[in-house]
Amino acid sequence: MHRKMEEKELLLQAAKPLIDLAIAEDVGPGDVTSQATLPADLVLHGRIVAKAAGVVAGLPVAEAVFHAIDPAIEFTARVADGQEVVPGEVIAEVTGLGRSLLAAERTALNFLQRMSGIATLTRQFVDAVACTPATILDTRKTLPGHRLLDKYAVRMGGGQNHRLALYDMILIKDNHVDAAGGILPAVARARAAYPALPIEVEVRTLAELREVLGITPPVDRVMLDNMSLAEMRQAVALAAGRVPLEASGNVTLERAAEIAATGVDLISVGALTHSAPALDLSMKVARPEAQAPLSLASQLVEFKSGLGHRIVILAHHYQRDEVMAVADFRGDSLELARNATRTDAEFIVFCGVHFMAETAAVLARPGQRVLSPDLTAGCYLADTATPEAVAAAWDRIDAALGNAEAEITPVTYVNSSAALKAFCGQRGGIVCTSSNAERVLRWALERRPRVFFFPDQHLGRNTAKRLGIPLTEMLLWDRDQPPDAEAIRRARVILWPGACNVHQRFRPEHVRARREHFPDIRILVHPECPMKVVDLADEVGSTAYIIQQVRAAPSGTRWAIGTETRLVRRLQQEHPDQQILSLADVPPFCRTMSQITERNLVDLLAALARGQIVNEVVVDAENAHWARLALERMLQV
Ligand code: 13P
Ligand code: SF4
């Protein structure tokens with residue numbers, strides 16, 4: 001909390017002169033149009049609304065703009081910086097004199113749109129490398145004067161900041177090397193002049209890298225400038241973890257994943273701040289009485305009671321509060337899968353992501369239909385494993401083992417398509433969830449000596465480790481360079497290289513920072529978090545387990561929770577007697593879970609009330625048959 005306050009104060013300090021300048025250039029002696037057309041005492045209410053999907057950053061700056069124009073304006077943020085929004089979502093509301101609101105509007109939106117644009121682009125890069133441990137960094141390519149604002153927006157997007165400016169880190173580039181007469185003298189002089197500052201050295205060739213690696217004590221970081229993917233791979237092998245490596249130069253969204261796959265630790269991207277398009281936002285004002293609070297909540301209640309027992313609404317714990325409020329049943333993915341088999345309702349309205357709704361459709365009784373408020377709400381993790389790619393890996397495993405079906409059990413995490421569940425069902429395999437992964441893996445290993453686990457490498461690794469399987473007996477599948485037959489034969493657990501872009505954002509340094517601040521804090525994380533985070537945590541478990549732990553804890557318990565932020569916020573509200581924090585500084589939201597909104601749920605129920613069946617989740621009969629088999633095996637374990 002303390003750090004958050006400090007961060008906001010620093011941001012506002014940096015923004016203050018920019019706000020003054022911007023208001024002077026835009027409003028100058030006055031907004032003549034509003035003064036001419038609006039009565040001086042007219043009070044208006046405004047809503048700042050997202051017109052495109054993105055990540056919000058800069059709300060404190062927007063608020064400061066309104067207050068710089070008129071301190072009496074009431075500003076209420078409806079989301080937090082770092083939060084993903086969908087088109088149409090209200091970001092903030094303002095109430096005050098109409099003339100003041102309209103005078104502030106453009107400047108406030110200019111800051112908010114620029115910063116949100118940077119956060120949005122950063123999040124795209126962060127997501128692109130989410131299956132790897134690589135960290136996305138910014139550069140000094142910021143808008144002059146906006147350095148701190150731009151860098152704040154990068155953090156809100158989930159990236160990290162490189163050096164702030166020329167004074168807080170030594171970065172030796174070719175010009176410095178040439179002037180100093182070589183890498184070694186340049187490093188020696190930098191060390192002598194500024195012994196407390198970290199040192200990074202830029203290299204353009206592997207020969208230069210070798211030279212830098214020979215320096216003792218080692219430098220703090222090496223920048224690989226504009227190297228090819230092959231050179232980066234060699235650089236990673238040469239450095240062998242002794243010095244963190246940063247890839248730099250020509251990093252596009254398309255190349256980011258390939259670069260991360262080389263094994264570099266950091267990737268710096270100038271585009272984050274010099275080429276981010278602004279996020280499209282708008283502000284609409286009206287008289288307060290004309291913008292009565294949205295009545296979607298009451299519409300939901302009405303439609304729901306009108307449809308009565310014909311529908312059941314199931315919602316995953318990561319859903320928005322407004323959606324949770326009308327759910328008949330809340331649960332983690334195992335509980336929701338079980339519940340889908342128990343309901344008699346004609347329609348299962350599934351508020352969660354697509355694979356969960358598919359699971360419900362597979363388990364539903366004959367005649368029951370599963371509907372989703374947004375059929376495009378997928379899952380980043382599930383999408384890392386296509387049936388084709390998994391089948392190609394299986395063929396290679398089959399060739400290496402001779403007879404895969406006697407030697408290895410395919411196990412799919414429930415976060416996968418129905419086609420992959422069917423793939424497992426057909427091959428004696430099984431599904432697992434985060435609640436039962438340990439039991440399922442044990443079951444699988446009792447039947448055949450090996451397991452092929454997809455798509456989440458972290459859940460697979462964390463669970464196998466809990467069963468006592470050493471890391472040396474786990475093999476991470478590499479799609480670009482598939483392992484050879486010998487490596488496949490040596491492995492007991494083969495892990496698909498997928499990861500969740502939400503849980504991948506929790507890092508061991510977050511755990512250390514929380515513990516440093518609060519030595520008594522309990523760290524509670526979801527098993528989709530990377531192993532280094534799970535190893536440092538006090539408790540690990542599914543969303544339902546996380547809820548149980550908090551419920552059972554005595555008043556005054558302090559928690560840092562490593563899972564999706566809507567659940568963490570709900571726990572904060574439900575347990576005000578405990579201190580509950582997100583494990584990360586910029587708490588991550590699941591973008592696709594957020595796609596289910598009050599609006600599209602109302603639309604779905606309204607259509608049903610009119611007798612129209614829309615957004616039905618359908619799994620073809622063949623896939624449904626085999627997927628059911630794999631799910632039933634799981635439900636019996
Ligand atoms: P749970 O099974 O713990 O609900 O997790 C599902 C999920 O998608 C977590 O990211
Ligand atoms: Fe998928 Fe991650 Fe969202 Fe869970 S949190 S639904 S794994 S993207």
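Observations on the structure shown:
- Of the residues in the range 395-412, at least one is within 16 Å of ligand 1 (Cβ to nearest atom), under 28 Å from the mean Cα position of the chain (by Cα) and either modelled with pLDDT of 95 or more or surrounded by fewer than 24 Cβ atoms within 10 Å (Cβ to Cβ) (or both).
- Leu604 vs. criteria over 15 Å from Ser372 (Cβ atoms) and either more than 14 Å from ligand 1 (Cβ to nearest atom) or in a helix (DSSP H, G or I) (or both): no
Yes/no matrix, rows are residues, columns are (1) buried (at least 19 other Cβ atoms within 10 Å of the Cβ); (2) assigned to a helix (DSSP H, G or I); (3) at negative phi:
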{"position": "Asp41", "(1), (2), (3)": "no, no, yes"}
{"position": "Ile48", "(1), (2), (3)": "yes, no, yes"}
{"position": "Ala52", "(1), (2), (3)": "no, no, yes"}
{"position": "Ile91", "(1), (2), (3)": "yes, no, yes"}
{"position": "Arg99", "(1), (2), (3)": "yes, yes, yes"}
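- Pairing each residue of the range 30-45 that is over 9 Å from Arg99 (Cβ atoms) with any residue that is at pLDDT below 95 and in a helix (DSSP H, G or I), provided the two are 6+ apart or on different chains, yields C-beta distances under 7 Å for Val43/Pro288; His45/Pro288; His45/Gln291.
- Residue in the range 365-380 that is nearest to the chain's Cα centre (by Cα), counting only those that are within 16 Å of ligand 2 (Cβ to nearest atom) and hydrophobic (A, V, I, L, M, F, W, C): Cys379
- Enumeration of residues in the range 508-535 that are buried (at least 21 other Cβ atoms within 10 Å of the Cβ) and either more than 16 Å from ligand 1 (Cβ to nearest atom) or over 17 Å from Arg466 (Cα atoms) (or both): His510, Val511, Arg514, Ile523
Table: residues versus (1) crowded, with 16+ Cβ neighbours inside 10 Å; (2) in contact (Cβ under 8 Å) with a residue 60 or more places away in the chain; (3) assigned to a strand (DSSP E or B).
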| residue | (1), (2), (3) |
| --- | --- |
| Ala153 | yes, yes, no |
| Leu164 | no, no, no |
| Asp168 | no, no, no |
| Ala186 | yes, no, no |
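- Any hit, the range 461-468, residues being at negative phi, out of contact with any Asp or Glu (no Cβ under 9 Å at 6 or more places or on another chain) and either buried (at least 24 other Cβ atoms within 10 Å of the Cβ) or not in a helix (DSSP H, G or I) (or both): no
- Yes/no for Leu567 being within 16 Å of ligand 1 (Cβ to nearest atom), at pLDDT 95 or above and farther than 20 Å from Leu296 by Cα: yes
One line per residue, one yes/no per condition, for (1) of a type in the set (Lys, Arg); (2) within 16 Å of ligand 2 (Cβ to nearest atom); (3) surrounded by fewer than 16 Cβ atoms within 10 Å (Cβ to Cβ):
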| position | (1), (2), (3) |
| --- | --- |
| Ser268 | no, no, no |
| Pro277 | no, no, yes |
| Val285 | no, no, no |
| Pro288 | no, no, yes |
| Glu302 | no, no, yes |
| Gly308 | no, no, yes |
| Ile311 | no, no, no |
| Ala315 | no, yes, no |
| Gly331 | no, yes, no |
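- Of all the listed residues (Thr76, Thr95), the sole one being touching a residue at least 24 places away in the same chain (Cβ under 8 Å), among the hydroxyl-bearing types (Ser, Thr, Tyr) and surrounded by fewer than 22 Cβ atoms within 10 Å (Cβ to Cβ) is Thr95.
- Yes/no for Thr343 being in contact with a strand residue (DSSP E or B) (Cβ under 7 Å, 6 or more places away or on another chain), of a type outside the set (A, V, I, L, M), on the phi < 0 side of the Ramachandran plot and more than 16 Å from ligand 2 (Cβ to nearest atom): yes
- Every pair of residues 6+ apart whose Cβ atoms lie under 8 Å, when the first sits in the range 490-506 and is free of Cβ contacts under 8 Å to residues at least 24 places away in the same chain while the second is away from ligand 1 (no atom under 12 Å from the Cβ) and of a type in the set (A, V, I, L, M): Arg490/Leu475
- Of all the numbered requirements in (1) closer than 30 Å to Ala544 by Cβ; (2) surrounded by 14 or more Cβ atoms within 10 Å (Cβ to Cβ); (3) under 28 Å from the mean Cα position of the chain (by Cα), Ala325 misses one, and that requirement is (2).
- Residue check for Asp383: within 16 Å of ligand 2 (Cβ to nearest atom) and of a type in the set (Asp, Glu): yes
The values are calculated or read from the model by the stated rules, or taken from the named source; none is laboratory data. Note that the structure is a prediction, hence the values are computed from the model and not measured. In this analysis, Cβ positions are derived from the backbone assuming ideal geometry, glycine residues included, and neighbour counts consider all displayed protein chains.
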